[in-house]
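Quick notes on the structure that follows.
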């Protein structure tokens, strides 16, 4: 049974065509580029590891710590009000 692929990156294309054309491979897979984003806190640029990245690594640790502390305060408040 043969399935129809509506993707531009079908298996044959990835395995046979892309390795032969390096420039095309870089354009399609964007492996040659690094996505630089601006940090929402300090404004510095950083290489985003994912599409969801919002903060630079330094600010991300601070924000994560602050959000975790706020979450714990809210959790303790909920537990205290229910008992």
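The values are calculated or read from the model by the stated rules, or taken from the named source; none is laboratory data. Since the structure is predicted, the reported quantities are computational estimates derived from the model, not experimental observations. Cβ placement follows ideal geometry from the backbone for every residue including glycine, while neighbour counts extend to all protein chains displayed.
Got at least one residue in region 28-39 being under 30 Å from residue 64 (Cα atoms), in contact with a helix residue (DSSP H, G or I) (Cβ under 6 Å, 6 or more places away or on another chain) and modelled with pLDDT of 85 or more?
Checking region 28-39: at least one residue is under 30 Å from residue 64 (Cα atoms), in contact with a helix residue (DSSP H, G or I) (Cβ under 6 Å, 6 or more places away or on another chain) and modelled with pLDDT of 85 or more.
Does region 51-71 contain any residue that is part of a loop (DSSP other than H, G, I, E, B), surrounded by 11 or more Cβ atoms within 10 Å (Cβ to Cβ) and at pLDDT below 90?
no
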